[in-house]
Structure formats: structure tokens, C-alpha cells
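Presented below is the structure to which this report refers.
Just so it is clear, none of the values below were taken in a lab; they were calculated from the coordinates. From a predicted model like this one, the values you see are computed outputs, not experimental measurements. In this analysis, Cβ positions are derived from the backbone assuming ideal geometry, glycine residues included, and neighbour counts consider all displayed protein chains.
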Amino acid sequence: MSDERESKDSGPTRGDGGDRPRRGPHDGRQRGRRDDRRDERPGAPRTGSADRGRYQGGDDRRSDRRDEDRPRSQSGSPVRRGPGGPSASRDAGRPQGGRGAQGARGGQRRDGQEGSGRPDLERRGGPRLTPKTPRKPEPRIREGVTGHEVDRGVKNQLRTLSKENAEGVAQHLVMVSELLDVDPSAALAHAETAVRRAGRVPAAREALGLVAYRMGDWARALTEFRTVRRLSGSSHLLPLMVDCERALGRHAKALELAQSDEAANLAIDDRVELAIVTSGLRRDLGQLDAAIAGLSDLVRRLSPNRPSAARLYYAYADAKLAAGDAAGAREWFARAADADHELTTDAAERLDELDGAEVLDLSPEHDEDEELGSETPEP
């Protein structure tokens with residue numbers, strides 16, 4: 001398949017009900033109200049908006065330990081900034097007598113006086129300090145948001161910060177959660193602020209990644225999700241990472257990631273999300289039988305009471321419908337509707353469509369006759 005075909009298939013299209021892994025800021029799994037927006041990419045992960053209390057995947061285990069996303073030297077060791085870093089060892093290995101031994105500390109100065117070799121600060125007007133970049137204004141926190149709303153896992157991550165900073169970052173994370181679905185641009189401002197204040201806290205980087213994902217900035221989202229994985233040691237965002245690769249048209253890379261060792265160790269609901277994404281990826285490539293086969297084992301084993309059951313059944317029904325099995329699709333759309341207690345999919349509507357029932361659009365629309373000022377004809 002050409003890159004042009006892949007890029008077309010990767011854009012937003014149908015089926016938020018079975019498309020995107022449901023995640024929100026600083027949680028691993030979102031449940032709650034349905035997002036009525038659809039994405040045509042079958043099996044795309046989904047970000048939800050409710051129940052954003054948890055940060056899944058044990059990320060608080062390594063909230064501020066050594067991470068691999070620091071710049072590295074050619075030897076592979078993390079590059080350190082500050083004391084002991086590159087600036088401290090810049091002269092290592094140089095001849096000690098460069099420009100003559102008199103250039104060393106305690107040697108002879110050019111004016112013939114003994115000294116330490118330090119610059120004459122008084123003569124030069126004092127040390128030169130780089131002006132600080134003006135601090136960017138932070139977005140407003142809604143009245144009543146304290147930051148205590150975040151869950152224990154996030155609070156554990158924030159312990160690496162000062163009390164004041166931790167409280168501020170928590171408030172911005174709560175605002176991201178509230179605004180993600182209703183005002184992504186405002187959510188982005190809060191997420192970027194959280195990252196500026198706590199760039200090594202996984203929950204902050206995940207929040208920024210989720211906002212970028214929701215806004216379709218796949219490359220930025222992927223970068224943030226990778227950073228979360230490095231900082232936390234958790235792979236719970238793997239379904240979203242696979243979908244980002246898919247959206248960027250890198251289907252081979254997406255499949256490689258979906259079949260990695262990390263994927264085998266995911267929690268059950270995360271495995272479901274990954275299977276849904278992979279099924280959609282197979283459909284992008286025209287591999288309809290593989291799209292169904294990738295879900296068939298899970299639909300037999302997963303309890304209908306699991307939070308992810310409705311989405312799994314929905315994706316399975318969608319794959320069967322794409323393969324021309326309308327009867328099988330109807331059966332699994334019905335199961336999805338029965339399992340969807342929180343109305344996270346449009347399974348009931350899809351079922352009505354298959355049954356030939358007319359689906360009414362109850363969204364408010366502007367009355368064209370009213371706009372044109374036409375009069376109602378007399379009876």
C-alpha cells in the first residue's frame with residue numbers, strides 16, 4: 001500500500017464507539033460519558049473524559065529515578081548538566097601545561113603578578129549574567145479546583161516537587177481533565193504549563209501527550225508517550241503509541257510495536273485496547289480476515305462485565321461488517337449494546353441501521369426557512 005493510501009486512512013473517521021483507547025490525563029483508563037465524535041479509522045485508540053482519577057500502570061514506582069530520555073554521550077551514559085557534567089570535565093585529558101604552565105591556576109599572570117588566574121571582575125565590570133526569559137503567564141485555574149482531586153498515584157509522583165509546585169501542577173492536571181473534550185486548546189495550555197513546572201513527572205507528560213493526541217498532533221503525542229514510558233517504566237500507553245504510528249502512516253512500525261514483548265505484559269483491559277487498534281490497522285491494510293482473527297480469542301474469553309467488553313464487542317462487530325458478515329455483525333453489535341451500560345459506544349444506533357430503522361438526528365439545527373425570512377404558507 002502506498003504512503004498516500006496509508007495517510008488517507010489514518011485521518012479521523014468513523015466509530016469512536018470502537019475506535020480509540022479511552023484515556024484521559026493522569027489515568028490509564030477512562031470510563032464515563034460517550035464522546036459522540038467519530039473517527040473513520042477502525043480500531044483507533046480512544047481518549048475519554050470521565051473517571052480521570054487514576055494513572056494506570058504503576059507509574060509512581062519510578063517517578064523521578066534515572067531515566068533514559070536524558071541526552072547521552074557517545075559512550076551511552078546520561079549527559080549531566082551542572083557540577084560534574086560536561087562543563088566540569090571539559091578540560092579533562094588536555095595537557096596541563098597548555099599555552100605554557102603559566103596559564104594554570106596560581107601561575108604567572110601577564111602583568112607579572114602572582115594570582116589565581118581568575119578574571120579581574122572589578123576591572124571588567126562584574127560577572128555577566130544571562131537575562132532570564134520572562135515567565136510565560138499561566139492559564140487560570142477554575143475556582144474550586146484545589147489539586148487534591150488527583151488520585152494517589154499522581155500524588156506519589158508529585159512528591160518529588162516542592163509542596164507549592166506540586167499543588168500547582170496538580171491543579172493544572174485537573175484542568176486538563178476537565179477541558180480535554182470541551183476545549184482542547186485550553187487543555188493544551190494547562191498541559192504545557194504542567195510540563196514546564198514538572199517535566200520529569202510522568203502524569204504531566206501523559207497529560208500533554210493526550211491533549212496532542214486528541215488534537216491530531218500524532219508526532220508530538222508519540223514523543224510524549226515515549227517519554228512517559230521512559231520515566232515511569234510502564235507500557236500502559238502502548239495502544240495509543242501504536243495508533244500514533246498508524247496515523248503517521250508507519251504501518252509496519254505500528255505492527256512491530258503491537259507485537260513487541262511489552263504488549264504481552266499489558267493488563268487485560270490494555271490488551272483489549274491494543275487488540276482493537278491492531279484490528280483497525282489490519283483493516284487499513286486490507287487484511288480483513290486478520291482483523292477478525294485478532295479479536296476472536298478475546299471476545300470468547302473476556303467477561304461481558306469488564307469495562308472494555310462493550311468496546312471489544314463493538315470492534316468485533318465492525319470488523320465482521322467490513323468483511324461482509326452482516327448477520328455476525330448484528331449479533332455482536334447487540335452484545336455490545338447490552339454490555340455498554342455507560343453508553344460509551346453507538347452500538348444501539350449501528351444495530352438500528354442494520355435493522356433498517358431510521359436514526360433521527362436530534363441535534364439542534366438552524367432553521368433555513370427562518371434565516372431566509374420565509375413565511376409559513378397558509379393552509
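Per-structure values
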{"read-out": "Cα gyration tensor category, rounded, prolate or oblate, for the range 139-234 with a/c compared to 1.5", "value": "oblate"}
{"read-out": "Under Karplus coefficients 6.51, -1.76 and 1.60, residue-wise ³J(HN,Hα) of the range 246-258 in Hz, glycine/proline x", "value": "4, 5, 7, x, 9, 5, 5, 5, 4, 5, 4, 5, 5"}
{"read-out": "Anisotropy class of the range 179-223 from Cα gyration tensor, a/c 1.5 cut", "value": "oblate"}
{"read-out": "Dipole magnitude of the range 235-357 about its Cα centre (Cβ charges: Lys, Arg +1; Asp, Glu -1), debye to nearest 20", "value": "320 debye"}
{"read-out": "Selection from 307, 329, 239, by position along the positive dipole direction of the range 235-357 (Cβ)", "value": "239"}
